[in-house]
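Written out below as structure tokens is the structure these notes cover.
Taken together, the values in this text are just the output of simple stated rules run on the coordinates, not laboratory data. This one's a predicted model, so the numbers in the text were calculated from it and none came from an experiment. Don't worry about glycine lacking a Cβ; one is built from the backbone with ideal geometry, like all the others, and counts go over all protein chains shown.
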């Protein structure tokens, strides 16, 4: 790939309150986790350090996936399955195998690119019936960090995008000055 995807190489991980993030995610050791549009895998690595189950980390950006694979190997994290994948096309995962899926500061880009519906349909396909979706987004406020305010999604706008696919919001958590996380389950 000669050019980076939108926002490739940027991560919101350094902006979050890590304790609040992980307390809200409520991970269990044997779960299967999906980090969709993972970039260099900051979230994927942090999750893989906390669970024994598989962490699938998918991204369109080959350089990001290569970096993640090197980091995982250096840390001895054999539970990360990192792969190059267009997340708005068919995910290389079987149906109903994911306990939790994370989309960290990516949904606004997929909406802007017009590919969010396909990506969300794939999430529905791979999530277990009792699985959950965690969406980290920039607060709808002016100024950096993050995209321009008109591209950002408020929790209410996020709910409106996910409700037609059968997701109901269970909780919205403040993760810091710039970002929040909304947690969804299929209804």
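Structure notes:
- Computed over the chain with a Gaussian network model linking Cα atoms closer than 10 Å, the most mobile of 99, 35, 14 is 14.
- Theoretical FRET efficiency, 1/(1+(r/R0)^6), r = Cβ-Cβ of residue 89 and residue 150, R0 30 Å, to 0.05: 0.65
- For the pair residue 28 and residue 157 in one chain, pulling the backbone fully straight at 0.36 nm per residue adds 43.5 nm over the alpha carbon distance.
- Percent antiparallel among DSSP beta bridges (both partners in the chain, rounded to 5): 40
- Pairs of Cα atoms nearer than 8 Å and 6+ residues apart set the relative contact order; for the chain it is 20 percent.
- Rounded, prolate or oblate (a/c below 1.5 giving rounded, otherwise prolate when a/b exceeds b/c) for the range 1-105 by Cα gyration tensor: rounded
- Cα gyration tensor shape for the range 107-153, rounded if a/c is under 1.5, else prolate or oblate: oblate
- Estimated 222 nm signal from helices in the chain, with DSSP H stretches of n ≥ 4 weighted -39500 (n - 2.57), rounded to 500: -8500 deg cm²/dmol
- Inter-label distance for residue 66 and residue 14, nm, one decimal - labels placed 7 Å from Cα along Cα-to-Cβ: 2.2
- Label-reachable residues, the range 20-60, where backbone N falls under 17 Å from a point 7 Å from residue 171's Cα toward its Cβ: 20-29
- Values of log10 I(q)/I(0), in the order q = 0.13, 0.16, 0.26 Å⁻¹, for the range 128-179 under a Debye, Cα-only, solvent-free model: -0.35, -0.51, -1.07
- Cβ crowding within 10 Å, taken as a proxy for footprinting-reagent exposure, orders 98, 45 from fewest neighbours to most as 45, 98.
- Report note on the peptides 17-24, 122-129, 56-63, 37-44: ranked by the mean count of other C-beta atoms within 10 Å, highest first, their order is 37-44, 56-63, 122-129, 17-24.
- Treating each Cα of the chain as an identical point scatterer and summing with the Debye formula, the log10 of I(q)/I(0) at q = 0.18 Å⁻¹ comes to -1.28.
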